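Dumping the structure here so I can ask a few things about it.
The values are calculated or read from the model by the stated rules, or taken from the named source; none is laboratory data. Predicted model only: the values in this text are computed from it and were never measured. Counting neighbours? That spans all protein chains shown, and the Cβs are built from the backbone with ideal geometry, glycine included. Heavy atoms of the whole protein, side chains included, go into the accessibility calculation; ligands, DNA and RNA do not. Shrake-Rupley method; radii C 1.70, N 1.55, O 1.52, S 1.80 Å.
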Amino acid sequence: MSSTSGAGGSIICAGLSCLDLQLVGCTQSGSDEAIERYDEAIHCAGGSASMTATTLALLMKEQQQEEVHVITKIGPDFAGNTMLEFYRRAGASTRLVLSDESARTSMAVLPIFQSGKRGCYVNLACNDGFSPDEMLQQVDQYFVNDSSAGPPPARAFLFGYPHLMPKMQGASLKSMLENVRDKLSSDDNKVLIAVDLNGVDGSDTTVARSALIPALSEIDVLHLNEDEAMVLSSSSSSATTNDADERNNSLLSSALLSQISSFHEHGCAVVLLSLGSKGAFVSVTPDAKRLQQLSSSDCNMAMSQWSAGTQVHVPAFKIEHGGVNTNGAGDALFAGFSLAASSWGSKWKVCPLNAGTFASLVAWQRCDSKTRDGEGMRSAEALMDMINEQKLPVILEDDL
């Protein structure tokens, strides 16, 4: 595989996708049979693979050496063709998308309420049958390139959402991620493996845990929210906290801190916990050897240099004009963090705090109804400049 000493490299966004129909400005009276109203209906490419790929492609349009690829499964129908057009419009490559003539593309209806929150009704369709073998076949296609130089090295593989993809859970998920790492990594270049959770069903915690826990040793970055963390909660953890930890982590309960420690004990390198309007929490494994697995002879990604045991809170930022659409906020946070954590080069040798702040800025732009689709959106380089120059937006909590 070819390598680079700069900040370039491809990111592959894989997993669940669906064509979203957003009903923007929905009223919410509280009655099940009430006739509710909405302002407008908008289609967009939804699901983990779509949201992360379009977010990153829009951020990285100015960075010519960096590519964003989508691996997902669609059918030969209106929804599938519409999603392909959304990917291309954002600047993401569609050459790794699997189009199955016998499949039906997933669709979702999302009421976006006037409060900024949302609901979701989905038919998962071909996501239900998307298999690890199909995923790995598409990864192999990454190396099929017309250029004599071959494709640029892959810096990160982002996958979501395993709890909504029945064929990619538990031991199958672990095996798939192992194979992806083997295919995309080399002695000169290590690939970051990141997994985003959604659809974690709390009705059976044993099933929810078995879908994820066996694969944690292969996951470099795990993104989830507080509710999902508690559904996945283990009965005990060997971790202990001191007075400094308790002061620094006052936003999190002892149960949440214990569960984060449990994820690390099972082999996960970094946990990114969404806290909604309170921002996010970043926890780095106390195992330095686990981080060193991401170092390489040619270019060390930022995360491989982080201090073991670091835990930091990053704030959410306020959208001043009030036009808020939170659909895809978690995907944007996850995408931004993975971009920063997998970065190379002197400007992008970021610490956990800067990586988390960068992710929060990406989510801030994605939740802004004026910039979420690219118009007026700051580039990744511009967001990093904001951090380095400490020219950050108003913190959301400051206005509460």
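Considering (1) outside any loop (DSSP other than H, G, I, E, B); (2) in contact with a Leu (Cβ under 8 Å, 6 or more places away or on another chain); (3) surrounded by fewer than 18 Cβ atoms within 10 Å (Cβ to Cβ), say which one Ala308 fails and leave the rest.
(1)
Could you grab me the full set of residues in the range 40-82 that are polar (S, T, N, Q), open to solvent by less than 10 Å² (accessible area, probe 1.4 Å) and touching a Gly at 6+ places or on another chain (Cβ under 6 Å)?
If the condition is that a residue be polar (S, T, N, Q), open to solvent by less than 10 Å² (accessible area, probe 1.4 Å) and touching a Gly at 6+ places or on another chain (Cβ under 6 Å), then Ser48 is the only one that fits.
So Leu164 fits all but one of (1) at pLDDT 95 or above; (2) hydrophobic (A, V, I, L, M, F, W, C); (3) in contact with a Gly (Cβ under 7 Å, 6 or more places away or on another chain); (4) within 18 Å of Gln293 (Cα to Cα); what number is the exception?
With respect to (1) at pLDDT 95 or above; (2) hydrophobic (A, V, I, L, M, F, W, C); (3) in contact with a Gly (Cβ under 7 Å, 6 or more places away or on another chain); (4) within 18 Å of Gln293 (Cα to Cα), Leu164 is out only on (4).
On to the next question. Quick one: how many residues across the range 83-119 are more than 21 Å from the chain's Cα centre (by Cα), surrounded by fewer than 18 Cβ atoms within 10 Å (Cβ to Cβ), small (Gly, Ala, Ser) and at pLDDT below 95?
Here the count works out to 2.
Now, a different point. Would you pick out the residues in the range 185-205 that are open to solvent by 60 Å² or more (accessible area, probe 1.4 Å) and within 11 Å of the chain's Cα centre (by Cα)?
none
Also: Return the only residue of Ser93, Ser115, Ser99, Ser106 being at negative phi, touching a Cys at 6+ places or on another chain (Cβ under 7 Å) and of a type outside the set (Lys, Arg).
Working: Ser93 fails: touching a Cys at 6+ places or on another chain (Cβ under 7 Å); Ser115 fails: touching a Cys at 6+ places or on another chain (Cβ under 7 Å); Ser99 fails: touching a Cys at 6+ places or on another chain (Cβ under 7 Å).
Going through Ser93, Ser115, Ser99, Ser106 in turn, the sole match is Ser106.
In the range 99-125, what residues are closer than 14 Å to Thr72 by Cα and in contact with an Asp or Glu (Cβ under 6 Å, 6 or more places away or on another chain)?
Across the range 99-125, the qualifying residue is only Thr105.
Within the range 140-184, which residues are more than 18 Å from the chain's Cα centre (by Cα) and among the polar types (S, T, N, Q)?
Listed by number, the residues that qualify are Gln141, Asn145, Ser147, Ser148, Ser172, Ser175, Asn179.
Return yes when Gly15 is more than 21 Å from the chain's Cα centre (by Cα), open to solvent by less than 10 Å² (accessible area, probe 1.4 Å) and at pLDDT 95 or above and no when it is not.
Numbers: more than 21 Å from the chain's Cα centre (by Cα): no; open to solvent by less than 10 Å² (accessible area, probe 1.4 Å): yes; at pLDDT 95 or above: yes.
Criteria not met by Gly15.
Take the range 262-289 and flag every residue that is out of contact with any helix residue (DSSP H, G or I) (no Cβ under 6 Å at 6 or more places or on another chain), touching a residue at least 24 places away in the same chain (Cβ under 8 Å), surrounded by fewer than 20 Cβ atoms within 10 Å (Cβ to Cβ) and more than 20 Å from Phe358 (Cβ to Cβ).
Hit for the range 262-289 is Glu265, nothing else.
Something else about it: So which of Asp140, Asp128, Asp133 ends up being without any contact (Cβ under 8 Å) to a residue 24 or more places away in the chain and within 30 Å of Arg155 (Cα to Cα)? Don't jump to the end; show me each part of the working.
On the way: Asp140 fails: without any contact (Cβ under 8 Å) to a residue 24 or more places away in the chain; Asp128 fails: without any contact (Cβ under 8 Å) to a residue 24 or more places away in the chain.
Asp133 is the lone residue from the list that is without any contact (Cβ under 8 Å) to a residue 24 or more places away in the chain and within 30 Å of Arg155 (Cα to Cα).
Out of the range 272-305, which residues are charged (D, E, K, R) and assigned to a loop (DSSP other than H, G, I, E, B)? Walk me through it before giving the result.
Let us first name the residues in the range 272-305 that are charged (D, E, K, R), namely 278, 287, 289-290, 298.
Selection gives Asp287, Asp298.
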